[in-house]
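Below you'll find the structure, written out as structure tokens, and then a few comments.
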Amino acid sequence: MTPAAPPAAPDTGRRRTGRGRPLWLLAALGALLALAFASVAVGSREVPWSALAAAFGGPVDGFDQAAVAKRVPRTLLAVLAGAALGLSGAVMQGVTRNPLADPGILGVNTGASLAVVTGIAFFGLTSATGFVWAAITGAGATALFVYAVGSLGRGGATPLKLALAGAATSAALASFISAVVLPRNDIAGGVRSWQVGGVGGGTFESVSQVLPFLLAGTVICLLSARGLDLLALGDELAAGLGARVAAARAAASLGAVVLCGAATAVTGPIAFVGLVVPHAFRLLAGGGHRWLLPLSALGGAALLTAADVAGRIAARPGEVDVGIVTALIGAPFFIHIVRRRKVRAL
Amino acid sequence: MTTDHSLLAEGLTLGYKDRTVIDSLDLAVPPGRITAIVGANACGKSTLLRSMSRLLAPRGGRVLLDGEQVHRIPPKRLARTLGLLPQSPVAPEGITVGDLVGRGRHPHHGVLSRWRREDDEAVAAALDATRTADLADRPVDELSGGQRQRVWIAMVLAQRTDLLLLDEPTTFLDVSHQIEVLDLLTDLNRSLGTTIVLVLHDLNLAARYADHLIALASGGLHAAGPPDQVLTPAMVQAVFGLRSEVITDPTSGRPLMLPLGRHHAPAPAD
Amino acid sequence: MSTSTVEAVIRGRRHRARRRRTVIAVLTALIALAFAAALMAGRTFYPPGDVLGVVLGQDVPGASFTVGRLRLPRAVLAVAVGACFGLGGVTFQTMLRNPLASPDIIGISSGAGAAATFAIVALSLGGAAVSAFAITAGLAVAVLIYLLSFKDGIAGTRLILVGIGVAAMLDSVTAHLLDRAAEWDLQEAMRWLTGSLNGAAWGDVLPVLAALLVAAPVLLHRSGELSLLRLGDDTASALGVRVDRTRFAAIVAAVGLIAFATAAAGPVAFVAFLSGPIAARIVGRDGSLFVPAALVGALLVLAADLCAQFLFEARYPVGVVTGVLGAPYLVYLIVRTNRAGGSL
């Protein structure tokens, strides 16, 4: 309440990063290509350079070449799934206005898992397309549920309430998964290996079955960019500026859920990609969703590919599943965010 | 209850991690009177109150209650003499009015002591004084804002302390409830001689109800004294950065501050 | 001050006390019943006379082994573990002023789980060694979460969120270990992780009882002050509570209880989380919830174990039953708390 507050500093920061954003896009693309190459060249099995030809249509007659040939669809899956998760996370953070929103934290992954496990156990699901539909249904239902529960009461969907609703729902659904899986020795093994979160099983066939869903989800999400910018101002302000709040939110959420469900259906639940990547780019490049969404997609692809490569190198000749690597990177990052922000702002 | 206690601050410096909020403040609270602390947002009013009741340790200087350093007094003993109602107290879900007010008796219970007749009487007296006796069995979270504030005051009253500190007890209440709370505190002061210190936002209510007015600005004491000495246009300008005129309120004989924004001119002198 | 008000106050207080006493008595009776049922029921049914004989130390042919060596330690463990989880859970919920702040969710169980899985799968340990790992890890994780969320003091919100993050990380470590495990180790690890009383022996029971005997008095002694913490740190301080000291002692005691119970039976899902809210609903929210929560926890585990053994065709570990039954109640509780504008 002191008189004459000093005049606001001119907003050079924004203009500066504005010029930088296309550079970030190129940088992310470059990083992704390099990582993709690395993913094919490097793995849990050391191969000589000559074997790399197998990746590009060369002869596949030795173990080395076979190993390399297997890496191509795996890399492709990592790139696609990473992009899907990064994009989905960015959209979810925008829709819920919540810095901690991530499909994993909100329990959406567990919901998708439960749906797939139930499908395998009781409905004899085996096809990848079947998994995808089940995962999407599970993801959607859980997302709706967690959001509904988290927004009851004072303050709407505050980060704490949402995170708690997500954690509690996740715990609850995990119990159900146990109850389904424990007595069924026949499916236990398969379910478990899917649950850890890996791209190792990637084949061209599984990728192609999931591709239409990924494309559809991506299109919907990218089209929601403008709506997300408006939603970020708060429901009332957004409506005052002419946005159709409920429709925009529903459309964006649909895109995010489809992406998350599709990715999870093939790789199993992978957490934290959707959390880390959008935050990093918001810090580095700023800007509205029109830039943030593509950057998050590229960044997510790069991160997941890097995590996969790291997982394959770190534990030669075995490998550490990519879901664990992302969790080991992501959780400290999550905690760092929580510490940085003032508790009231959360 | 009518014992006079001296409560004063000497060279008090308070702050949080990287900021100093109060710097070398000297302050004396007149015993048996109502004191109001006013000042701009974030000038340290709440910080000062919290440090006077031992919630915040000083960086420098000290707070003395009857000559003893407040931060050296064991908390329960202090709580028998000095009560504090903080800003935005939290009511746990489902707790009833009677039970909440009863919590105020905690400082009088040792490790093994049981509930005595005296405790029941203190609770009943507090309920009667705040006129919340008929709400005794209702859950606190079902009450309206005004009722809830009265219940919190009842809890602090049940503590039966000689000094009572209240941090913004009227801030979220509508005007009739504000007056009700302030009248209640005045009754307490007149009948039992309780020393009352309260932080208030409303300058005019502060001037009307307080015997002693303290204005804080820039981490220090700007003025302290009876309201008609302290509440002047010069003080309002210095502390709040606001042009104003001060007249005498015909209903209470106390000063009344009339704020002058850009669209108002001072009354023509006659 | 009118006499009628005084009388109303006294009446209210006596009524609340009476309700509390009744509930505690009923809970104790139910526990006794369930305990007796646990001793009598099974593939061979033993009549009360035989069971009583075994408990009194006599040698009853047939019953002495089954009841004395198998069922009795299992039932005692159920009660002890349930009481530990109940007490530990309600302490956390009281201190963090949040019904969802349960050790299950904020990472302590995840830490114990990861350590136990590591011990079983990677080190091929068993029995007491696994428990030791679990206890140490549980305590270490608690300290880690505390340190990570300490920034100018402890804010409940931050603690909970940090706990969730740490839990996610540890859960993924556990999952990875499970994935690499050999068949045999895997079975055992999964059984441990679900929370099970199978194969309970006196060796498992005694450490838990010891923990109860040490930690419970600490908590009950401070139960008045801990209840005051629910009014907010400032108000509690103003009423004479040494907030930091009380909270620290309570955390240490609660974590100890949880760690020892988890080491003995694995993380039995939701018991720590549910005991407090259930106790609050039946006793009312006025007095201290510690004894009722301990009793509710014991009853939950006993009853769930009975169900898990006899209610279905397959024999499930107790954690599955508490998980499946606890989940809907958990959800109901969140909905109710949120809707009432409660402290979430």
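Here is how the numbers come out for the structure above:
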quantity	calculated
Tilt relative to chain B, helix B:117-129 - C-alpha long axis, 0 to 90 degrees, to 10	40 degrees
At R0 = 51 Å, FRET efficiency that the Cβ-Cβ distance of residue C:69 and residue B:115 yields, to 0.05	0.60
Of the trypsin sites (Lys or Arg not before Pro) in segment C:1-102, those whose Cβ has at most 10 other Cβ within 10 Å and which sit in DSSP loop	C:43
Inter-chain Cβ neighbour average for residues A:160-166, partner chain, 10 Å	6
Orientation-averaged projected area, Cα convex hull of segment C:3-340 (nm²)	19.6 nm²
Percent of alpha-carbon pairs separated by more than 19 Å within segment A:207-270	39 percent
Proportion of all alpha-carbon pairs of segment B:1-109 beyond 22 Å (%)	39 percent
Average Cα contact separation per residue, segment C:3-340, under 8 Å, 6 or more apart, as relative contact order %	29 percent
For segment C:225-238, 3J(HN,Hα) per residue [Karplus equation, 6.51 cos²θ - 1.76 cosθ + 1.60, θ = phi - 60°, Hz, x = Gly/Pro]	5, 5, 4, 5, 4, 5, 7, x, 4, 5, 4, 4, 4, 5
Excluding exposed DSSP-loop chymotrypsin sites (Phe, Trp or Tyr not before Pro) (at most 14 other C-beta within 10 Å), longest clean stretch of chain C	C:46-311
Cut-off under 5 Å, modelled amide H: who pairs with residue B:85 long-range	B:165, B:166, B:167
FRET efficiency estimate (nearest 0.05) - Cβ-Cβ, residue C:150 to residue A:314, R0 30 angstrom	0.45
Net charge contributed by nearby residues that have their C-beta within less than 9 Å of residue B:70 (K/R +1, D/E -1)	+2
Overall form of segment B:115-206 per C-alpha gyration tensor (a/c, 1.5; a/b vs b/c)	oblate
Computed helical MRE - 222 nm, chain C, DSSP H runs ≥ 4 contributing -39500 (n - 2.57), nearest 500	-24500 deg cm²/dmol
Only Lys, Arg (+1) and Asp, Glu (-1) charged, at Cβ; segment C:52-164 dipole about Cα centre in debye	80 debye
Chain B, helix-only ellipticity at 222 nm - DSSP H runs n ≥ 4, -39,500 (n - 2.57), divided by all residues, nearest 500	-9000 deg cm²/dmol
About the Cα centre, charge dipole magnitude for chain C (Lys/Arg +1, Asp/Glu -1 at Cβ), debye	1340 debye
Amide H contacts under 5 Å for residue B:14, placed H, 5+ residues apart	B:21, B:22, B:23, B:24, B:59
Once the Cα gyration tensor of segment C:197-344 is diagonalised, semi-axes √(5λ) in Å	30, 21, 11
Values of log10 I(q)/I(0), in the order q = 0.13, 0.14 Å⁻¹, for chain B under a Debye, Cα-only, solvent-free model	-0.89, -1.02
Mean Cα-pair separation over length for chain B, i.e. relative contact order, pairs under 8 Å, 6 or more apart, %	23 percent
Range of Cα positions in the protein assembly as shown per principal axis (Å), largest first	107, 87, 45
Mean Cβ count within 10 Å, highest first, over the residues of peptides A:321-333, B:35-47	A:321-333, B:35-47
Count of Lys pairs (Cα-Cα under 24 Å; at least 8 positions apart or interchain) in the protein assembly as shown	8
13 Å beta-carbon shell around residue C:141, net charge (K/R +1, D/E -1)	-2
Long-range HN-HN contacts of residue B:95 with modeled amide H, under 5 Å	B:140, B:141
Computed over segment C:32-176: relative contact order in percent, which uses C-alpha pairs under 8 Å that are six or more apart	20 percent
Pair-distance profile P(r), taking every C-alpha pair of segment C:85-142, with 5 angstrom steps and integer %	4, 22, 23, 20, 14, 9, 6, 2, 0
Average other protein chain Cβ within 10 Å of Cβ, residues B:82-95	6
Test item: A:173-180 mean partner chain Cβ contacts at 10 Å	6
Computed FRET value (nearest 0.05) for residue A:336 with residue B:191, which takes r as the C-beta separation and R₀ as 45 Å	0.20
³J(HN,Hα) computed for each position of segment B:102-107 - Karplus, 6.51 cos²θ - 1.76 cosθ + 1.60, integer Hz, glycine/proline x	x, 4, x, 7, 3, x
From phi via Karplus (6.51, -1.76, 1.60), per-residue ³J(HN,Hα) for segment B:45-51 in Hz, x at Gly/Pro	4, 5, 4, 4, 4, 5, 6
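Computed from the coordinates by the stated procedures, all read-outs in this text should not be read as laboratory data. What you see is a predicted model; the values in this text were computed from it and never measured. Methodologically, a virtual Cβ is constructed for each residue, glycine included, from the backbone with ideal geometry; neighbour enumeration extends over all protein chains shown.
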